[in-house]
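**Student:** Handing you this structure, nothing more for now.
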Amino acid sequence: MSDTVPVVVPDIGDFDQVDVVEVLVAVGDDVSIDQSLITLESDKASMEVPSPAAGRVVEIAVELGGQVGEGDLILTIEAAEPPAEEREEAAGPSEESDPSAVEATAPAPSPAPRPSPSRRRPPPPAAGGLATSTSPPHASPAVRRFARLLGADLTKVSGSGARGRILREDVEAFVKDVMTGRGPAAGAGIPPVPEIDFSKFGPVESKPLSRIRKLSAANLHRSWLNVPHVTQHDEADITDLEAFRRAHLDEARERGVRLTLLAFLMKAVAASLAEFPEMNSSLAPDGESLILKRYFHLGVAVDTPDGLVVPVVRDVDRKSVYELAGELGEVSGRARERKLRPADIQGASFTVSSLGGIGGTAFTPIVNAPEVGILGVSRAVRRPVYIGAGLAPRLMLPVSLSYDHRVIDGASAVRFTTHLCSALADIRRVVL
Ligand code: CAO
């Protein structure tokens, strides 16, 4: 006689609710033990829920795009096989259980609250549940297996799914690009850095990288390999802007915001982007056209104890400098407290990276591909500048624009920085 096996959401760590991003079976489907049934995803990781029994799906209780919490019913299976414990004892390890697939996703599910005789007891979840088991690149075990079969390195594949998730189609497109010589590292033949045992030379210590650092390392490396970078340096005379800013510090304080240079800078950048739309664009994936963005959402690099994060301030062109200053303070605070939501770091059309509060005279920021430009800002210094025949003390702000040379040529880049520097020199130009 066949048993009815309810499959429920396993331990999902610190999360109350997670998204259902894939429903991999339909009512009436025959499933085997360990076959993936659905994929759950939080903002930190994804996990597939495997079938605890072989049989037929008789009911599906979740919806694609919906949310579920631990213990919620996912679906019901009419079991066709004897209880899995017995079969496992008899048969030994299953060929289906692919260790790398397990490692690649979140922890294995924990048992449902109401145990059923035909349900296999899965291994205990890793400490911290779903939250701790991040593993870039972001793809389901099925896609990983597919990539392995084709020999595709997933760290080089850009995901087009929700939150950058790598889909089967992305792997196919990647392989096609490599085969046709259009792939990111096709033929690059990057020689590996030799592995060295540093302990031969002195005491060493191993410090694990934070999740943020690993993710940003992968993103930076991808941009570095894909984008032919050029950096254009310039200087803006912000003497008047600084006087204007200082004159409004009290008012800003009354409004509860810290009025730093960055808010003005963002406003000026948005004005320059409006003037030079190609700087606010992305190259279409086929390389045949430019996608010009009619919105001005700026990524702002924020230095946090865990590494670099880039929250996005939206519609900069439509906000006042006070609003921008308030939003910057709020979002950079949340970035440092690790409280950013996925939506907070998506959708930038251009990025600003300000190291001016720390120091430096110039640097070469890395474009946050598929954006085509990033503005780096270093420390403003007061120094003598010729104005006409005479020298005057002026506050000069170094700006460094890195751009994707496939999209922007040098003349356009320097026109952009010239426009930006004039806007900063006389911020009234921004409202014109
Ligand atoms: N020149 C001189 N002084 C500057 C300055 C500049 N370009 N930019 C900021 N300052 C001053 C500010 O006015 C402030 O002075 P007061 O305390 O006297 O008001 C002080 O430096 C500190 O500013 P801040 O850094 O707290 O604020 P901000 O708005 O300028 O920057 C943020 C906010 C979040 C961008 C910044 O804190 C940060 O994290 N920067 C690092 C970004 C980074 O790591 N980029 C590298 C990425 S790799 O490409």
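The values are calculated or read from the model by the stated rules, or taken from the named source; none is laboratory data. Treat the numbers as computed from the prediction; the structure is a model and nothing was measured. Counting neighbours? That spans all protein chains shown, and the Cβs are built from the backbone with ideal geometry, glycine included. The accessibility values were calculated without ligands, DNA or RNA, using every heavy atom of the protein model including side chains. Shrake-Rupley method; radii C 1.70, N 1.55, O 1.52, S 1.80 Å.
**Student:** For the range 322-432, please list each of the strands (runs of 3 or more DSSP E) lying entirely inside it that holds at least 3 residues being without any contact (Cβ under 8 Å) to a residue 60 or more places away in the chain. Step through it out loud before you land on a result.
**Tutor:** Working: elements: 350-354, 373-377, 381-387, 390-404.
Those strands (runs of 3 or more DSSP E) span 381-387, 390-404.
**Student:** Name the residue that is modelled with the lowest pLDDT, counting only residues in the range 137-183 that are within 21 Å of S223 (Cβ to Cβ), of a type in the set (V, I, T) and part of a helix (DSSP H, G or I).
**Tutor:** V178
**Student:** Also, I was wondering about something else. Assess whether V310 counts as being open to solvent by less than 10 Å² (accessible area, probe 1.4 Å), over 20 Å from A236 (Cα atoms) and either without any contact (Cβ under 8 Å) to a residue 60 or more places away in the chain or near the ligand (Cβ under 10 Å from one of its atoms) (or both).
**Tutor:** On the way: open to solvent by less than 10 Å² (accessible area, probe 1.4 Å): no; over 20 Å from A236 (Cα atoms): yes; either without any contact (Cβ under 8 Å) to a residue 60 or more places away in the chain or near the ligand (Cβ under 10 Å from one of its atoms) (or both): yes.
Criteria not met by V310.
**Student:** For V316, are the conditions met, namely being open to solvent by less than 50 Å² (accessible area, probe 1.4 Å), away from the ligand (no atom under 13 Å from the Cβ) and over 19 Å from H405 (Cβ atoms)? Spell out how you get there, then give the answer.
**Tutor:** Numbers: open to solvent by less than 50 Å² (accessible area, probe 1.4 Å): yes; away from the ligand (no atom under 13 Å from the Cβ): yes; over 19 Å from H405 (Cβ atoms): yes.
So V316 fits the description; yes.
**Student:** Where residues in the range 324-377 are within 19 Å of L273 (Cα to Cα), aliphatic (A, V, I, L, M) and within 9 Å of the ligand (Cβ to nearest atom), which of them is most open to solvent (accessible area, probe 1.4 Å)? Steps first, answer last, please.
**Tutor:** So the first thing to find is which residues in the range 324-377 are within 19 Å of L273 (Cα to Cα), and the list is 324, 346-354, 365-377.
Retained after the next criterion (residues that are aliphatic (A, V, I, L, M)): 324, 348, 352, 366-367, 369, 372, 374-375, 377.
Filter once more, so that each one left must be within 9 Å of the ligand (Cβ to nearest atom): 352, 366, 374, 377.
Working: V352: 0, I366: 49, I374: 12, V377: 3 Å².
My answer is I366.
**Student:** Out of all the residues in the range 1-55, which are assigned to a loop (DSSP other than H, G, I, E, B), at pLDDT 85 or above and open to solvent by less than 30 Å² (accessible area, probe 1.4 Å)?
**Tutor:** If the condition is that a residue be assigned to a loop (DSSP other than H, G, I, E, B), at pLDDT 85 or above and open to solvent by less than 30 Å² (accessible area, probe 1.4 Å), then V9, P10, V25, I33, S51, P52, A53, A54 are the ones that fit.
**Student:** Ok, one more. May I ask you to verify whether V431 is modelled with pLDDT of 95 or more and aliphatic (A, V, I, L, M)? Step through it out loud before you land on a result.
**Tutor:** Values: modelled with pLDDT of 95 or more: no; aliphatic (A, V, I, L, M): yes.
In short, no.
**Student:** Among the residues of the range 259-278, is any on the phi > 0 side of the Ramachandran plot and not basic (K, R)?
**Tutor:** We begin by selecting, within the range 259-278, every residue on the phi > 0 side of the Ramachandran plot; these are none.
No, there is no match, as no residue in the range 259-278 is on the phi > 0 side of the Ramachandran plot and not basic (K, R).
**Student:** Which helices (runs of 4 or more DSSP H) sit wholly inside the range 184-303 and have at least 2 residues that are surrounded by 15 or more Cβ atoms within 10 Å (Cβ to Cβ), within 16 Å of the ligand (Cβ to nearest atom) and not acidic (D, E)? If you could, list the steps in order and put the result at the bottom.
**Tutor:** Details: elements: 211-226, 239-247, 249-254, 261-275.
It comes to 211-226, 239-247, 261-275.
**Student:** Among the residues of the range 396-407, are any more than 15 Å from the ligand (Cβ to nearest atom), surrounded by 20 or more Cβ atoms within 10 Å (Cβ to Cβ) and among the aromatic types (F, W, Y)?
**Tutor:** No, the range 396-407 contains no residue that is more than 15 Å from the ligand (Cβ to nearest atom), surrounded by 20 or more Cβ atoms within 10 Å (Cβ to Cβ) and among the aromatic types (F, W, Y).
**Student:** Being in a strand (DSSP E or B) and of a type outside the set (D, E) is the filter here, so list the residues in the range 56-78 that pass it. Break it down into steps so the answer makes sense when it comes.
**Tutor:** Applying the first criterion (in a strand (DSSP E or B)) to the range 56-78 yields 56-60, 67-68, 73-78.
Listed by number, the residues that qualify are R56, V57, V58, I60, Q67, V68, L73, I74, L75, T76, I77.
**Student:** Within the range 408-432, count every residue that is open to solvent by 20 Å² or more (accessible area, probe 1.4 Å) and more than 30 Å from the chain's Cα centre (by Cα). Break it down stepwise before answering.
**Tutor:** We begin by selecting, within the range 408-432, every residue open to solvent by 20 Å² or more (accessible area, probe 1.4 Å); these are 409-412, 414-415, 418-419, 422, 425-432.
In the following step, the residues that additionally are more than 30 Å from the chain's Cα centre (by Cα) were identified as 411, 415, 418-419, 422, 425-432.
Residues in the range 408-432 being open to solvent by 20 Å² or more (accessible area, probe 1.4 Å) and more than 30 Å from the chain's Cα centre (by Cα): 13 in total.
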